[in-house]
Amino acid sequence: MTPTRIEHDSLGPVEIPDGRYWGAQTQRAVEHFAIVDNPERWRWGRAVIAALGQVKKAAAGVNDELGLLPGGVADLIAAAADEVAAGALDDHFPLLIWQSGSGTQTNMNANEVIANRAIERAGGEVGSKHPVHPNDHVNRSQSSNDVIPTVMHLATITELRGRLYPAVEHLAATLRGLAAEHVELVKVGRTHLQDAAPVTLGQEIGSWATQLEAALALVRRAEEWLRHDLAIGGTATGTGLNSPASFGPRMAERLGHALGLDLAPAADHMAATASHDALVATSAALRTLASAALKAGNDVRWLASGPRAGIGELILPANEPGSSIMPGKANPTQVEMVAMVAAQVIGNDATVAFAGTQGSFQLNTYKPVIVHNVLDSIELLAGALASFDRQCAAGIEPDRARIATHLDANLMLATALNPHIGYDAAAQVVKRAAADGTTVRDAGVAMGAFTAADYDRWVDPRMLTRPDPD
């Protein structure tokens, strides 16, 4: 039998495993929400637990400034909260995201762990609620309804800045480098999956970087909303009941100083507990980033298709054997990984978008699943794009001979003839070249539409990749 201790909450006594800092409310949640066989997958990650510690430490400091805590209690709370923020007590956060939609059990998990660890540091009896009480002291001036949204924002901001931004920026830089390297390499353009007017490989790769950079700018704008819409100070229904009027602004200032962030309390605390539009917008921006990554990946996969029976204009690093039966096969596995991640992120966003519509009166009760999916999307995108950058993009090489062959055979070079012989006559040349299997040059000369010298003067593939001079 595992040794236990007895703690009490408003419903009565609860047995807690010895050696665990959590208390009665957490233990009830452990027992009542055991719904999966693989709980590790659904437990809170480091970013959320760290943010809980940060918020509780800041709250202790503000409450102490306002004279709302007994002497010495704020310091005890702060020391224990620092351990939570640093990851020293992660084993004492057993709850799954599947719980109350307000995240009340998770807030109480933090309150109980910090209180019991603080009691232990003070030489008291764990579970005694003396000299530190989880509700009266650790949760003073707060409610789960404003703590959890604040944690949601802080955890998301931390992961965006620590994981996602560096990965996207580095991939975009890799693509910009490739674009600059191949800015003069003219190739066939393609629209509707059909041959089109020429482009350069540099222009094509540069467009991928532009999409990623634009999507990243959307994410940054959503992050600004997250930073300036902290729910803390609104307590249960957004009215600020049991919280001093200055608590929210003081919390934003203290947290901002501790984290090096420009933070501000929500202009409307009721809206901040009843809705999570800033996170919905963040998720939508992540979906846009996933779409941009998938577009670039699909282009890479098409352009590298073959190598002999496809387009074959790009050569990708061969990272692993591609088949268990076909010798020598190499597949675009990094692209396929990015594609699946994009599909998952789009699915995550569908969940967040729906959950974001489900605020009822003064509370949205989908908080845990919203932040879980946003953080999942950030982690997946950051990891996938960093891997694609390192394992694929950095090693992309053009097959110059294949590109030249395709360009020479491109019927859409005839677009350059429009100003000289007109659209209809150029279309007849294309029709003849397609029927005979020849080039536009040879077909036009054979038809007498122009001379070889005229064609060579009029049709310079490199000039077709830019606007006409004014």
**OP:** Could you pull out the residue among ALA172, ALA196 that is free of Cβ contacts under 8 Å to residues at least 60 places away in the same chain and either touching a strand residue (DSSP E or B) at 6+ places or on another chain (Cβ under 9 Å) or under 14 Å from ALA296 (Cβ atoms) (or both)?
**Re:** ALA172
**OP:** State the number of residues belonging to segment 362-398 that are within 27 Å of ALA304 (Cα to Cα) and either modelled with pLDDT under 95 or in a helix (DSSP H, G or I) (or both).
**Re:** 15
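Is it the case that THR158 is outside the structural domain of GLN362 (by TED's automatic domain parsing) and either buried (at least 20 other Cβ atoms within 10 Å of the Cβ) or of a type outside the set (Asp, Glu) (or both)? Talk me through it step by step, then tell me what you get.
Numbers: outside the structural domain of GLN362 (by TED's automatic domain parsing): no; either buried (at least 20 other Cβ atoms within 10 Å of the Cβ) or of a type outside the set (Asp, Glu) (or both): yes.
It is false that THR158 is outside the structural domain of GLN362 (by TED's automatic domain parsing) and either buried (at least 20 other Cβ atoms within 10 Å of the Cβ) or of a type outside the set (Asp, Glu) (or both).
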Subject >> Candidate set: segment 192-228, residues that are in a strand (DSSP E or B) and of a type in the set (S, T, N, Q); chosen: the one nearest to VAL459 (Cα to Cα) >> reply: THR200
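Residues that are assigned to a loop (DSSP other than H, G, I, E, B) and within 40 Å of the chain's Cα centre (by Cα): does segment 425-443 have at least one?
Here is the first cut: in segment 425-443, the ones assigned to a loop (DSSP other than H, G, I, E, B) are 437-439.
Adding the requirement that they be within 40 Å of the chain's Cα centre (by Cα) leaves none.
No, the conditions are met nowhere in segment 425-443.
Any idea how many residues of segment 1-33 are assigned to a loop (DSSP other than H, G, I, E, B), touching a residue at least 24 places away in the same chain (Cβ under 8 Å) and either of a type in the set (A, V, I, L, M, F, W, C) or within 18 Å of VAL371 (Cβ to Cβ) (or both)?
2
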**OP:** Would you check if there is a residue in segment 445-463 being outside any helix (DSSP H, G or I), in contact (Cβ under 8 Å) with a residue 24 or more places away in the chain and loosely packed, with under 12 Cβ neighbours inside 10 Å?
**Re:** yes
Original post:
Where residues in segment 129-156 are among the hydroxyl-bearing types (Ser, Thr, Tyr) and assigned to a loop (DSSP other than H, G, I, E, B), which of them is farthest from THR365 (Cα to Cα)?
Top reply: SER141
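Which of the residues belonging to segment 171-191 are part of a helix (DSSP H, G or I) and buried (at least 16 other Cβ atoms within 10 Å of the Cβ)? Reasoning before the result, please.
Within segment 171-191, the subset part of a helix (DSSP H, G or I) is 171-181.
If the condition is that a residue be part of a helix (DSSP H, G or I) and buried (at least 16 other Cβ atoms within 10 Å of the Cβ), then LEU171, ALA172, THR174, LEU175, ARG176, LEU178, ALA179 are the ones that fit.
This table checks each residue for (1) over 26 Å from VAL186 (Cα atoms); (2) assigned to a helix (DSSP H, G or I).
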{"site": "THR282", "(1), (2)": "yes, yes"}
{"site": "LEU294", "(1), (2)": "no, yes"}
{"site": "ALA309", "(1), (2)": "no, no"}
{"site": "PRO327", "(1), (2)": "yes, no"}
{"site": "ALA330", "(1), (2)": "yes, no"}
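Residue under question is VAL126, and the condition is that it be touching a residue at least 12 places away in the same chain (Cβ under 8 Å), outside any helix (DSSP H, G or I), within 19 Å of ASP90 (Cα to Cα) and not hydroxyl-bearing (Ser, Thr, Tyr); does it hold? Before the answer, list the steps.
Numbers: touching a residue at least 12 places away in the same chain (Cβ under 8 Å): yes; outside any helix (DSSP H, G or I): yes; within 19 Å of ASP90 (Cα to Cα): yes; not hydroxyl-bearing (Ser, Thr, Tyr): yes.
So VAL126 passes the test.
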**OP:** Would you check if ALA50 is farther than 20 Å from ASN135 by Cα and either within 27 Å of the chain's Cα centre (by Cα) or assigned by TED's automatic domain parsing to the domain that holds ARG161 (or both)?
**Re:** no
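Every residue, every condition in (1) out of contact with any strand residue (DSSP E or B) (no Cβ under 6 Å at 6 or more places or on another chain); (2) buried (at least 19 other Cβ atoms within 10 Å of the Cβ); (3) within 11 Å of VAL138 (Cβ to Cβ); (4) touching a residue at least 40 places away in the same chain (Cβ under 8 Å), yes or no:
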| residue | (1), (2), (3), (4) |
| --- | --- |
| ALA79 | yes, no, no, yes |
| ASP82 | yes, no, no, no |
| ALA86 | yes, no, no, no |
| HIS92 | yes, yes, no, yes |
| SER102 | yes, yes, no, yes |
| GLU112 | yes, yes, yes, yes |
| ASN116 | yes, yes, yes, yes |
| ARG121 | yes, no, no, yes |
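The values are calculated or read from the model by the stated rules, or taken from the named source; none is laboratory data. Just so it is clear, the model here is predicted, and its values are computed rather than measured. Counting neighbours? That spans all protein chains shown, and the Cβs are built from the backbone with ideal geometry, glycine included.
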